[in-house]
Every structure is written in structure tokens, then in C-alpha cells.
Amino acid sequence: MKWFSKIVLSCALASLAVVSVRTKSVGSESADVSPATFGAVCDGRRDDGAAFQAALDFVAQRGGGSVLLPAATCFIDRTLVVGDRTTIRGSGPLSILVRGNTSSVGPLYQGPTNCETNVGFTGRALFMNSRYNCGNRGIILSSFAIDGSRVTDVPLSVLIAFSAIQDTHIDNLSIVGAAQDAIFFKNGGVNTSITNTTIDGFNMRWGNGAGIHIEMWANANLPTDPATPVLISNNRIVVRGPNFCTGGPASENLRKPCDGDAQCASGKCGDGAVYAINAGKPGGASSPGPGAAVIISNNQVELTNRHYGIGSFFSAYTQIEGNRIAAIKSATAWSGLSTGIVCTGNTGTEIVKSNELDSMGLPDDGRGILLTGGTTQAAVLGNAIVNRSARWNLAMLEIRGYTSAFEIGNNSITAGSGSHGLVIGACGDGRTSGGIVHNNLVSMPGIVGTVFRPIVLRNATNITLTDNVTSPSVPVALQCPPAT
């Protein structure tokens, strides 16, 4: 009996050995590895970057697989390069990657097809895809935490920087203290998503960027197809970074935190563009190539300090739906002054629907929703703007520069004050025409006895107003009537 048991045990061990060899064999079969196998200690102090990169290289050489993170704190003081068909998965908030401040060289491809030469990129990213600008596919980051608070030098300090990607998904991450952008997709790619992720603090040391940033560039492959937009959904983003000086000496511009204009040599504090979620095309309408295509849905955004909630600029497809954007109090002198949703120059479908914007009554706030100069029909439907006290020259909801059959319907603006409610058109801007404005509720008791009005038309023609309810109940104000 003992002899038989030894034979069975030997066969079992042999089978396990075969399985182990198959898992790590060179070829198309994937490998699942732990960085500890390559020497990672994950004590939060010693640099585990080389061990992590060795694990990623091992997976890449075998055609893909998973790097499984331990339930520990791992200090990474270099950029980690991720190849095709690679999953990095942790144990939720117990798996923490802390990025150090040391710069290192990551990939950056250039050439006629964006694939010829890797010229390298020196910065403090935590993750970059291995063929940045050329193209990668099948990268998944899931279920771990990233701490960017030890990064002190900017710029070139985006935590996750991917370019020209396909079948790539970020899900269930927790990111804190990003010095610059937390997640940056250069060319949103094909079949990509960012979901169920928390970003608590970004642009903590740099005055321009976004928590989640999608940009379209001509010098990268795989632009987003409007038929398959980037999905940005069910994330929570806390915009708690300070204001920064804009202009002036390089030592201050976008680098020096400030509480007011007097603290900046340029006399300008807080004019940089910091968005929780932003999709855009640098260079605007004149830039070659298509714009971004995004579905931004069911996210929770908390913001302050002259920052912005959600933006879409010169995009080929924009759907902003079901998000909640709330103001939070700040420790700085700029206690409010946040703007909810901004769309500018979009060229394709443009839907802003069922979003909730709550300013918590903070004074001198920015606009709730602003749409400017899109080239196709825009639909602004079923949004709720509450407790907003905007600056006198702004408005709760404003659309201008559209000449197609836009629609503004079933929105509610309540408990507002400080400025106009719903504004169609703009003085000194191109004419706005051809829209229907219907079934909106604009209740702004705070403007009683002032020059402000619930609904204002500026340089606007052929606007159909029907079944709107306003308080105070006063006529629509006509400003800057267009020349006939």
C-alpha cells in the first residue's frame, strides 16, 4: 500500500510540474505571476520597481497573462512598462503601489506611422504602455490602490499614461494624491473604459490637467471611433487640489499654489483648467484628425477652487449623462467658483442629460452647464441645477453659438441666485438660432428685485419657447437683439 501511494504521489507531482511548465512556457499561452517571484519585498520602503518590471517582462515574453499583486504596500520608484494582453490585478485596497519621485525613461514611439523609433520619455509616470503612440491591446488594471503623494516634481508626472490602446480597461482602482493627471489616455482607442474607480486628489502640484483625461492627437494611432466611445462610468472623483498661479515666471506658472491674485507675480491665481473628467483635442477645430468620443455616465464629482466638473472640447461624440456634481468647501480663500459641465466646439452627437449639480449654496459660483459653438444638434435634457449662487455675469444654464435645431427641455433650476437662470445666446458672439426650449422649471427666488431674469435671449432668433415655468413670473428678457 505504501509503495502504491508513493507512485500516486510521484504522478501527482509530475502533473503539477507539467502544469507549471505549461504556464511559463514560451508561446501563446499566458502566464500568471507574482512580483514576489522576482524579488519584490513590498515593505513600503525598499524599491520594488525592478521586480515588478521583471514580472511584467516575463508575462510579455509569453504572450500575455496576469501580474497578481500582494495584499501589501509596494514602493515603486520607476515607470512600469506594460505590454499586450497583460492584466495587473490586486486585492482591492490592500494592494497599494506607492510611486516615488525618481524620474525614469519610458517608451515613446515616433515616425511616419508612429511606430518606427522609440525615442523614450523621461518622467514620473507609474504605468505606460510598451508601444506608446504606436499601439497596444488587452491591458487591464484592476482592484488595487495607487498613492501618488510622494511625487513632488512636475510636470511629466501623470500616474497612468496610455497612448493608442485597444481592448484596454481600468476598473476598481483607488488613486490618491496624484501630482498631475491621475489617468491620461492619449487617443482613447478602441473598446476602452475607466470604471468603478476612486480618484481622491489630483493636480495637487500642477495647475492644468484632469483626474481622467482623454485627448486626441495626430501623432498617435487608434483614435477613438464615435461608434465605440470611451466609457467613463461609475467613478468617484474628488477635486481637492489648490489653485495655482498662471503666467509669470516659470517657477510660478502652474506650479505655485495660491489663495488669491496678490500672491502671484502675474496677478492671476486659479485660472488654469483643472477638470475632474475632460475629453478634448489640443489645437481645437484646426487640429487634424477626429475628436474624442466619450460616454461619461453615473460618476460622482466633488469640486471646488475654480475647478471644473466635466468638459468635452471639439469631440466627435459626447454623452454626459446621470452624473452628480457637488461643490465642497475649501480651506483656501477661493471657497466656491466651480463650474459644472462645459462643452465647446463639439462636432458630433452632443447629449447632456439627467445630471445633478448641487453647489451647496456656496457664493460666487461658476456656471452650472455651458455649451458653446457645437456644429450639430445639441440636447440638454432633464438636468437638475440646485442651490447655485453664480457670479453676476454668468448663468445657471447657458447655450450659445448654435445654429441647428438644439433642444433644451425638462431641466430644473431651483434655489438659484446671483445671476440669470437660463440664457440662450450671447452678446458679441455668433447668432444662436433654431432651438426649442420647453418644459423647463426655473425657480430663482434669490433674484427678486434684481436685474436678473429666469430666462434670457441674447442675439437669438427662431427660438421656440413653450411650457416653461418661471419664478419670479416675469417675461423673457431680450438682450442684444440681432440686427434685422
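The values are calculated or read from the model by the stated rules, or taken from the named source; none is laboratory data. Computed from a predicted model, the values in this text were never measured in an experiment. When we count neighbours, we look across all protein chains shown, and the Cβ atoms used for this are built from the backbone with ideal geometry, even at glycine. Keep in mind that these areas ignore ligands, DNA and RNA; they rest on the heavy atoms of the full protein, side chains included. Shrake-Rupley method; radii C 1.70, N 1.55, O 1.52, S 1.80 Å.
Scanning the stretch 146-186 for residues that are farther than 23 Å from Asn208 by Cα and either open to solvent by 10 Å² or more (accessible area, probe 1.4 Å) or in contact with a Cys (Cβ under 6 Å, 6 or more places away or on another chain) (or both) yields Gln166, Asp167, His169, Asp171, Asn172. Looking across the stretch 32-59, the residues that are crowded, with 19+ Cβ neighbours inside 10 Å and free of Cβ contacts under 8 Å to residues at least 24 places away in the same chain come down to Ala51, Ala55.
Of everything in the stretch 317-330 that is more than 14 Å from the chain's Cα centre (by Cα) and surrounded by 24 or more Cβ atoms within 10 Å (Cβ to Cβ), the residue that is nearest to Val386 (Cα to Cα) is Ala327. If you go through the stretch 374-383 and keep only what is open to solvent by 30 Å² or more (accessible area, probe 1.4 Å) and small (Gly, Ala, Ser), you end up with just Gly382. Note on the stretch 128-143: among residues that are crowded, with 24+ Cβ neighbours inside 10 Å and within 15 Å of Thr195 (Cα to Cα), the one that is nearest to the chain's Cα centre (by Cα) is Leu141. Applying the set (1) free of Cβ contacts under 8 Å to residues at least 60 places away in the same chain; (2) open to solvent by 10 Å² or more (accessible area, probe 1.4 Å) to Thr349 leaves exactly one unmet item: (1). Of the residues making up the stretch 131-171, those that are touching a helix residue (DSSP H, G or I) at 6+ places or on another chain (Cβ under 8 Å) and not aromatic (Phe, Trp, Tyr) number 2. Inspection of the stretch 435-446 finds no residue satisfying the criterion of being farther than 30 Å from Lys329 by Cβ, open to solvent by 10 Å² or more (accessible area, probe 1.4 Å) and modelled with pLDDT under 95.
On the basis of being more than 16 Å from the chain's Cα centre (by Cα), of a type outside the set (A, V, I, L, M) and buried (at least 24 other Cβ atoms within 10 Å of the Cβ), does Asn243 make the cut? Judged against the criteria, Asn243 is a match. For the residues Thr224, Thr228, the requirement of being farther than 30 Å from Asn101 by Cα and open to solvent by less than 10 Å² (accessible area, probe 1.4 Å) singles out Thr224. Taking the residues in the stretch 389-416 that are of a type in the set (S, T, N, Q) and either in contact with a Pro (Cβ under 6 Å, 6 or more places away or on another chain) or crowded, with 20+ Cβ neighbours inside 10 Å (or both) as candidates, determine which candidate is modelled with the highest pLDDT. Checked the stretch 389-416; the qualifying residue modelled with the highest pLDDT is Asn411. Is it the case that some residue within the stretch 60-71 is over 24 Å from Asp171 (Cβ atoms), out of contact with any helix residue (DSSP H, G or I) (no Cβ under 6 Å at 6 or more places or on another chain) and without any contact (Cβ under 8 Å) to a residue 60 or more places away in the chain? Yes, that holds for at least one residue.
Determine whether the stretch 200-219 contains at least one residue that is in contact with a Ser or Thr (Cβ under 9 Å, 6 or more places away or on another chain), of a type in the set (S, T, N, Q) and surrounded by 24 or more Cβ atoms within 10 Å (Cβ to Cβ). No, the stretch 200-219 has no match at all.
One residue stands out in the stretch 107-122 among those that are touching a residue at least 60 places away in the same chain (Cβ under 8 Å) and surrounded by fewer than 21 Cβ atoms within 10 Å (Cβ to Cβ): the one that is nearest to Thr86 (Cα to Cα), namely Cys115. Scanning the stretch 84-106 for residues that are part of a loop (DSSP other than H, G, I, E, B), touching a Ser or Thr at 6+ places or on another chain (Cβ under 8 Å) and either open to solvent by 10 Å² or more (accessible area, probe 1.4 Å) or without any contact (Cβ under 8 Å) to a residue 24 or more places away in the chain (or both) yields Asp84, Arg85, Gly90, Ser91, Asn101, Ser103. Applying the set (1) surrounded by fewer than 23 Cβ atoms within 10 Å (Cβ to Cβ); (2) farther than 19 Å from Asp167 by Cβ to Ala125 leaves exactly one unmet item: (1).
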